[in-house]
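The values are calculated or read from the model by the stated rules, or taken from the named source; none is laboratory data. Note that the coordinates shown come from a computational prediction; the quantities given were computed from them, not determined experimentally. No Cβ is skipped: glycine too gets one built from the backbone with ideal geometry, and neighbour counts run over all protein chains shown.
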Amino acid sequence: MNWRSERIWIELITGSRKTSNFLLACILFLGSLGFLLVGTSSYLGRNLISLFPSQQILFFPQGVVMSFYGIAGLFVSSYLWCAIWWNVGSGYEQFDRKKGKVCIFRWGFPGRNRRIFFRFLMRDIQSIRIEVIEGLYPRRVLYMEIRGQGALPLTRTDENLTPREIEQKAAELAYFLRVPIEVF
């Protein structure tokens, strides 16, 4: 949900609570649990999973490796579930022409720097920059170049906007902020 008027532009940013992350975390959890069960059943010599007879898988080296992959997968899966739970990366961007201020807010991982908040004046914005990298994994990212602070990304790298969409978004934002557009 985005909201725009003549003087204020608010854009909500989705974080890690995406369908693809839910599916990846579920698949990774179930797969790593399967690996761990196969490794454990080869150690015990009993069939914990009826699909794989434990007599065919020796504990050393196959069972050890399967157990290692299972444990590593559970750690990665728990990291993904935590990122989803905390909704890392979500936030908003607020551009207020009336007050001449820009606020960018994102949620991070818990800790001292959980809230990532930037506030600066509109007159410090030098340009809107589009970075385009074509190839096997194309990447199109929109940045805001700020005097003295460098470039702040406004879109996620995994957003996969088409060239037309990224150009339109950059043009609208540059027109709203009254700054030039740079393409790299």
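Here the strands (runs of 3 or more DSSP E) wholly within the stretch 26-125 that include at least 1 residues being surrounded by fewer than 13 Cβ atoms within 10 Å (Cβ to Cβ) are 115-121. Residues being over 20 Å from ILE10 (Cα atoms), assigned by TED's automatic domain parsing to the domain that holds GLU11, modelled with pLDDT under 90 and outside any strand (DSSP E or B) are represented in the stretch 145-153 by at least one member. If you take the residues of the stretch 1-41 that are among the hydroxyl-bearing types (Ser, Thr, Tyr), in contact with a Ser or Thr (Cβ under 8 Å, 6 or more places away or on another chain) and free of Cβ contacts under 8 Å to residues at least 60 places away in the same chain, which of them is farthest from GLN55 (Cα to Cα)? Out of the qualifying residues, it is SER32.
Answer with yes or no whether GLU131 is under 22 Å from LEU177 (Cβ atoms) and either over 17 Å from the mean Cα position of the chain (by Cα) or not assigned by TED's automatic domain parsing to the domain that holds GLU93 (or both). Criteria met by GLU131.
The numbered conditions (1) touching a residue at least 40 places away in the same chain (Cβ under 8 Å); (2) within 21 Å of ILE10 (Cβ to Cβ); (3) over 20 Å from the mean Cα position of the chain (by Cα) are all true for TYR92 except (3). Restricting attention to the stretch 106-128 and to residues that are more than 17 Å from SER90 (Cβ to Cβ) and among the β-branched types (Val, Ile, Thr), the residue that is nearest to the chain's Cα centre (by Cα) turns out to be ILE128.
Output the residue which, of all residues in the stretch 161-182 that are surrounded by fewer than 13 Cβ atoms within 10 Å (Cβ to Cβ) and either in a loop (DSSP other than H, G, I, E, B) or in contact with a Lys or Arg (Cβ under 6 Å, 6 or more places away or on another chain) (or both), is modelled with the lowest pLDDT.
Of all residues in the stretch 161-182, those surrounded by fewer than 13 Cβ atoms within 10 Å (Cβ to Cβ) come to 162-164, 168, 175, 178, 180.
Now narrow it down to the ones that are either in a loop (DSSP other than H, G, I, E, B) or in contact with a Lys or Arg (Cβ under 6 Å, 6 or more places away or on another chain) (or both): 162, 178, 180.
On the way: THR162: 85, ARG178: 92, PRO180: 95.
That would be THR162.
Test PHE52 against the criterion of being touching a helix residue (DSSP H, G or I) at 6+ places or on another chain (Cβ under 6 Å), at pLDDT below 95 and of a type outside the set (Asp, Glu), and give yes or no. Taking the combined requirement at face value, the residue satisfies it.
With respect to the numbered conditions (1) on the phi > 0 side of the Ramachandran plot; (2) not aromatic (Phe, Trp, Tyr); (3) not assigned by TED's automatic domain parsing to the domain that holds ASP158, which one is the sole condition not fulfilled by GLY100? So GLY100 meets the others, but not (3). Could you check, for the stretch 91-107, whether at least one of its residues is more than 30 Å from LEU152 (Cα to Cα) and β-branched (Val, Ile, Thr)? No, every residue in the stretch 91-107 fails to be more than 30 Å from LEU152 (Cα to Cα) and β-branched (Val, Ile, Thr).
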